[in-house]
Amino acid sequence: MCSESDTWDVLIPDTFETLDDGFHIFHFRFSPRLRTSDADHGNLVETERHRAAQFHHQIDRNRFTVGRSLLRQVLGRALGMEPLGIPLSIEKGRPFLDPELGDRWQFNISHSGESVMLIISRQHQVGIDVEVYRDFPDMDQVAKRVMTDEEFDSYMQLAKARRADTFYRLWVRKESVLKFLGKGFEIEPRRLSVGHAKNSISKASFEGQRFSIHQSMISDSNPPHQWAFAHTDGLENSRFRLHSVAARPV
Ligand SMILES: CC(C)(COP(=O)(O)OP(=O)(O)OC[C@H]1O[C@@H](n2cnc3c(N)ncnc32)[C@H](O)[C@@H]1OP(=O)(O)O)[C@@H](O)C(=O)NCCC(=O)NCCS
């Protein structure tokens with residue numbers, strides 16, 4: 001849909017305003033041909049345009065531009081404001097709504113490959129992570145660095161062919177919690193135990209705070225994606241809805 005010369009816009013489903021009490025997740029998969037450029041910068045404010053221009057690789061510029069554009073359009077709908085007029089602040093890399101707008105909407109963005117995911121909730125703080133599978137030769141060494149001893153022992157007991165799936169399941173769980181906390185890799189992932197049993201909801205705790213983690217796969221894509229989002233414990237019954245977002249040329 002996005003050709004090299006298209007200017008594009010995000011097409012947000014109408015259903016999204018109907019779910020006040022839960023979590024909305026927006027998934028945007030952009031075309032490998034997408035070339036975000038000056039033409040797309042109408043979707044971003046000055047500081048974001050500046051940052052977009054600094055990415056060396058087109059794919060990184062695409063992820064950033066699509067993510068912020070999606071965020072501004074969704075928040076614009078949620079708040080009834082012009083997307084470019086929404087004041088965002090950044091702390092440790094994490095964008096959040098300026099305090100002048102109160103804490104009315106919480107959100108978090110993740111990107112991997114050609115996928116961008118945004119989660120937004122009216123009340124609840126959230127963290128999200130998406131990862132596109134890719135096989136890399138030193139996965140076991142990385143696993144040792146990021147898993148607790150117990151997680152690593154059970155990971156190593158798996159047949160080689162099952163490890164990538166387990167690695168990514170565990171990885172998105174950890175990163176969703178670290179992103180919830182807003183500190184990312186300032187916290188060593190191996191300090192956080194999340195386990196890798198194949199449950200769609202799992203639990204974790206960190207320094208006395210307890211979390212629930214929802215997990216799923218986007219298996220109709222090649223390669224598949226694992227994704228997870230984390231919120232504080234006790235909200236398991238909150239509904240969440242996954243919206244596939246399309247681009248439209250404008
Ligand atoms: C957060 C972090 C784990 C994300 O890693 P990543 O592999 O790039 O993962 P994702 O694609 O899932 O997340 C990136 C998005 O998360 C959000 N984000 C960035 N930092 C974040 C943080 N500390 N907490 C929560 N979310 C964060 C941003 O929206 C970012 O996308 P954008 O910059 O395009 O808007 C990593 O960047 C990190 O550890 N950051 C914290 C360290 C720090 O202080 N960075 C300062 C940078 S100025």
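The values are calculated or read from the model by the stated rules, or taken from the named source; none is laboratory data. Everything quoted here is computed from the prediction, not taken from an experiment. FYI the Cβ positions are ideal-geometry reconstructions off the backbone, even for glycines, and counts take in every protein chain you see.
What the table below lists for this structure:
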| read-out | value |
| --- | --- |
| Residue satisfying all of: in region 53-65; more than 9 Å from the ligand (Cβ to nearest atom) and touching a residue at least 12 places away in the same chain (Cβ under 8 Å); surrounded by the most Cβ atoms within 10 Å (Cβ to Cβ) among these | 62 |
| Cβ-Cβ under 8 Å pairs, at least 6 apart or on other chains, region 186-205 side under 16 Å from residue 127 (Cβ atoms), far side among the polar types (S, T, N, Q) and not in a loop (DSSP other than H, G, I, E, B) | 194/202; 201/212; 201/215; 202/212; 202/215; 203/212 |
| The lone exception for residue 243 - which of (1) in contact (Cβ under 8 Å) with a residue 60 or more places away in the chain; (2) under 25 Å from residue 134 (Cβ atoms) it fails | (2) |
| Considering residues of region 66-114 that are among the small types (Gly, Ala, Ser) and within 11 Å of the ligand (Cβ to nearest atom) only, the residue surrounded by the fewest Cβ atoms within 10 Å (Cβ to Cβ) | 93 |
| Enumerated helices (runs of 4 or more DSSP H) restricted to region 128-223, each holding at least 3 residues that are over 19 Å from residue 240 (Cβ atoms) and within 16 Å of the ligand (Cβ to nearest atom) | 139-146, 160-181 |
| Verdict on residue 50 being in a loop (DSSP other than H, G, I, E, B), surrounded by fewer than 20 Cβ atoms within 10 Å (Cβ to Cβ), at pLDDT 90 or above and of a type outside the set (A, V, I, L, M, F, W, C) | no |
| Residues that are closer than 12 Å to residue 172 by Cα, in contact with a Lys or Arg (Cβ under 8 Å, 6 or more places away or on another chain) and not β-branched (Val, Ile, Thr), drawn from region 203-216 | 215 |
| Boolean, residue 123 is surrounded by 11 or more Cβ atoms within 10 Å (Cβ to Cβ) and within 16 Å of the ligand (Cβ to nearest atom) | no |
| Residue pairs meeting the criteria (Cβ under 6 Å; at least 6 apart or on separate chains; first at pLDDT below 85, in region 210-225; second surrounded by 14 or more Cβ atoms within 10 Å (Cβ to Cβ)) | 223/132; 223/133 |
